[in-house]
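The values are calculated or read from the model by the stated rules, or taken from the named source; none is laboratory data. Note that the coordinates shown come from a computational prediction; the quantities given were computed from them, not determined experimentally. Please note: Cβ atoms are built from the backbone with ideal geometry, for glycine as well, and neighbour counts cover all protein chains shown.
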Amino acid sequence: MLVGVPKEIKVEEFRIGLTPSAAREYVVHGHEVIVETSAGMGIGANDAAYEAVGATIAPDAASIFAKADMIVKVKEPQAVEYAQLREGQLLYTYLHLAPDAAQTKGLLASGCTGVAYETVTSPRGGLPLLAPMSEVAGRLSIQSAASTLTKHEGGKGLLIGGVPGVKPARIVVVGGGVVGTHAARMAVGLGAEVTILDNSLPRLRELDELFQTRVRTRYSSVDTLEEEITLADAVIGAALIPGANAPKLVTRAMLKNMEAGSVLVDVSIDQGGCFETSHATTHVDPTFMVDNIVHYCVANMPGAVPLTSTHALNNATLPFGLKLADHGIQALLDDPHFADGLNVHKGKVTHPAVAEAQGLEFVEPKVALGG
């Protein structure tokens, strides 16, 4: 199979779909890899590094989209990219389609087969290809909160860990999954006072055991959420429904009870955000104010640390990508958990959460694939 890796063009996105090491694995498996020139510079990998492992360098993205049987990316295709996709072509990347009707329409019109990292599941019920970026984003959310709480960024001028004699920041993490766990880990490490809200008692028990009383855990309800938001200096939005729009848990009315200069970091923004007042921002212009509350809603947070993120992502996506290249759509038919990653195929929506979010017809992956 001819595997193509275009340069990422989303604003301030420096990751790349394949590291040189990952590209080498595809070559060893008998595939041809073409990489757009300079696509790896964000992780310090020049064209020579890819050529050294057997990849070919393409002069531009257009030639990759025109030739490749399979496109491997990091972020969802932008309009100029999905316009170049075609029927029979495999697209393997993050898609986050539920809140993005324009992209969904473009992918359906192309007829391509779109496999989304974020909806591939595991036998244990996890999201193995989303997890590494959730780990990165969770940890980055605390760095972002710490920076945004400074006065010159519009925050209240608070040091997260405090100092002897001065209380630390109070951080509330909404959602106890991968993002929330790693956010709490970082916040605790910096000396913050941390509360995690979740609506799963088994998960709260796991978190209580994990953190050994270093965080408070509370069952998430409208009452507890409203109470904790009011007291928080920073709130990390880490709620997720796989493949679907994030639930709007924090309302604008709740913001009126927060102190001016408090911070909301919406890690769920790729799926539409879990704060009513959120809208996607970029690393160039990451924050905005609503009711004197600073919102940080960057839609590709891990792109800020592309070296770490790309290697972490490739560690997870490579085994599945090789299956897809080796066996084509049969790899999806053979593995129902991998098939959960199929979002679109030949003009059909094949993920129930995407179909529900946009009022479109849902077709079972096996039916769409003809299995």
Flag if residue 339 is touching a helix residue (DSSP H, G or I) at 6+ places or on another chain (Cβ under 9 Å), of a type outside the set (Asp, Glu), outside the structural domain of residue 32 (by TED's automatic domain parsing) and under 30 Å from residue 21 (Cβ atoms): no
Run residue 22 past the list (1) crowded, with 22+ Cβ neighbours inside 10 Å; (2) at pLDDT below 95; (3) of a type in the set (A, V, I, L, M, F, W, C) and report the number of the one that doesn't hold. (2)
Going by what's in this entry, would residue 340 be described as within 17 Å of residue 118 (Cα to Cα) and among the acidic types (Asp, Glu)? yes
Kindly indicate whether residue 71 is surrounded by 17 or more Cβ atoms within 10 Å (Cβ to Cβ), modelled with pLDDT of 95 or more, among the β-branched types (Val, Ile, Thr) and farther than 23 Å from residue 133 by Cβ. no
Given the criteria outside any loop (DSSP other than H, G, I, E, B), of a type in the set (A, V, I, L, M, F, W, C), under 25 Å from the mean Cα position of the chain (by Cα) and not assigned by TED's automatic domain parsing to the domain that holds residue 298, does residue 27 qualify? no
Report yes if some residue within region 298-314 is without any contact (Cβ under 8 Å) to a residue 40 or more places away in the chain and of a type outside the set (A, V, I, L, M, F, W, C); otherwise report no. no
Qualifying residue in region 274-290 (condition: of a type in the set (S, T, N, Q), within 24 Å of the chain's Cα centre (by Cα) and more than 23 Å from residue 103 (Cα to Cα)): yes
So which pairs qualify, if the first residue must be in region 146-170 and not assigned by TED's automatic domain parsing to the domain that holds residue 233, the second must be at pLDDT 95 or above and part of a loop (DSSP other than H, G, I, E, B), the Cβ gap must be under 6 Å, and the two must be at least 6 apart or on different chains? none
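Would it be correct to say that residue 107 is buried (at least 24 other Cβ atoms within 10 Å of the Cβ) and assigned by TED's automatic domain parsing to the domain that holds residue 89?
On the way: buried (at least 24 other Cβ atoms within 10 Å of the Cβ): yes; assigned by TED's automatic domain parsing to the domain that holds residue 89: yes.
Answer is yes for this residue.
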How many of the residues in region 59-83 are under 17 Å from residue 106 (Cβ atoms), touching a residue at least 24 places away in the same chain (Cβ under 8 Å) and hydrophobic (A, V, I, L, M, F, W, C)? 6
